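Accompanying notes for the structure given below.
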Amino acid sequence: MRRRMFLWLLALLLVSCAQTYERQAAFLQEEYARYEGTGTSRICGQAYLTLDGGAQHVASGDRVLLAPVTSYTEEAMKIKVVQGHSLVAPDPKAMKFEKHTTTDDVGHFCFTDLPGGEYFVVAEIVLPTSTREHRKSQLAHAKALVKADENVYTLVTR
């Protein structure tokens, strides 16, 4: 009986961990209007993780995402990046406002020609324990506020 109860609880835990969350926030065009087109601002920085034991592991050839801060992206940050849960696919209209780049070998990245505004910066950093067969990564994140004609430097970490 105890074994059956344990297996049932384990199955329930696995199913709840695999849950994909439905979005509650709607894509609101008016929140994105200020981010349309190009601008004169830059957000650059460095992405790294602090590992157990305190050692730093800089991103190297890892993906970095830039997205405007809106109610829609706030929800995605909370559910997916901070809490680590799956979220249904984003609205293609929101994806048009995302920018992507890759870090250099010491974790530096740069986004240019941005309209002024507030942005989320998210880096998917491959862990040093990762192998070709078993890729492991962690998400590091930051929020950056940039004005027109301004250059901002940010540290993206976890």
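Things to note:
- Any hit, segment 75-85, residues being among the polar types (S, T, N, Q), within 24 Å of Thr157 (Cβ to Cβ), out of contact with any His (no Cβ under 8 Å at 6 or more places or on another chain) and surrounded by 12 or more Cβ atoms within 10 Å (Cβ to Cβ): no
- Within this structure, Ala140 passes the test of being under 16 Å from the mean Cα position of the chain (by Cα) and among the small types (Gly, Ala, Ser).
- Gly116 vs. criteria touching a strand residue (DSSP E or B) at 6+ places or on another chain (Cβ under 6 Å) and on the phi > 0 side of the Ramachandran plot: no
- Number of the exception - Ala89 against (1) free of Cβ contacts under 8 Å to residues at least 40 places away in the same chain; (2) in a strand (DSSP E or B); (3) of a type in the set (A, V, I, L, M, F, W, C): (2)
- Within segment 96-113, considering residues that are closer than 22 Å to Gly61 by Cα and among the hydrophobic types (A, V, I, L, M, F, W, C), the one surrounded by the fewest Cβ atoms within 10 Å (Cβ to Cβ): Val106
Readers should treat all values here as calculations from the given coordinates under stated rules, not as data from a laboratory. Bear in mind that the values here come from a model prediction, so they are computed numbers and not experimental data. Cβ atoms come from the backbone with ideal geometry, glycine included; neighbour counts cover every protein chain shown.
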